[in-house]
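The values are calculated or read from the model by the stated rules, or taken from the named source; none is laboratory data. Computed from a predicted model, the values in this text were never measured in an experiment.
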């Protein structure tokens with residue numbers, strides 16, 4: 001087997017494994033309430049992901 005095929009197969013296995021693990025843990029609960037998000041993150045000892053957007 002060529003090296004590129006082996007690398008491709010390993011990459012595919014990694015992506016699929018990650019996707020299946022994420023699906024098993026449940027969907028991400030997104031919120032637009034910053035204070036509630038801070039409280040939930042503190043309770044679960046997790047970091048916040050904050051996305052800023054604008055229309056120019």
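Some values worked out for this structure:
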item	result
Matching option when the condition is under 18 Å from the mean Cα position of the chain (by Cα), assigned to a helix (DSSP H, G or I) and modelled with pLDDT of 85 or more, among 12, 16, 48, 20	12
Test result for residue 37, modelled with pLDDT of 80 or more and assigned to a loop (DSSP other than H, G, I, E, B)	no
